[in-house]
Amino acid sequence: MLEDKKIKKIPIEEVMEFFQNEGMEITEKEAELIMDFLYSVTLAVIRKYFGSE
């Protein structure tokens with residue numbers, strides 16, 4: 001079932017490092033907000049295209 005699937009969480013430190021390597025300084029809170037948004041979008045896509053509806 002879809003609810004049983006888990007998406008591996010990327011450590012916030014890695015997210016911040018990624019953005020820093022791209023020339024953007026972000027705070028830990030900003031990194032958390034970005035990742036929350038991306039996880040939400042990912043779950044929506046999974047439900048839409050791989051859901052059991």
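Okay, here's what the table says:
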| quantity | calculated |
| --- | --- |
| Inter-residue pairs, beta-carbon under 9 Å, first in contact (Cβ under 8 Å) with a residue 24 or more places away in the chain and in the stretch 25-45, second surrounded by 13 or more Cβ atoms within 10 Å (Cβ to Cβ) and part of a helix (DSSP H, G or I), 6+ apart | MET35/ILE12; MET35/VAL15 |
| Matching residues in the stretch 23-44 - criterion: being open to solvent by 70 Å² or more (accessible area, probe 1.4 Å) and among the hydrophobic types (A, V, I, L, M, F, W, C) | MET24, LEU33, PHE37, LEU38 |
| Tally, over the stretch 13-53, of residues that are assigned to a loop (DSSP other than H, G, I, E, B) and of a type outside the set (Ser, Thr, Tyr) | 7 |
| ILE10 outside any helix (DSSP H, G or I) and modelled with pLDDT under 95 | yes |
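The values are calculated or read from the model by the stated rules, or taken from the named source; none is laboratory data. Just so we're clear, the structure is a prediction, and the values are computed from it rather than from any experiment. Reconstructed Cβ throughout: ideal geometry from the backbone, glycine too, with neighbour counts over all protein chains shown. Note: accessible area is taken over every heavy atom of the protein model, side chains too, but ligands, DNA and RNA are not part of it. Shrake-Rupley method; radii C 1.70, N 1.55, O 1.52, S 1.80 Å.
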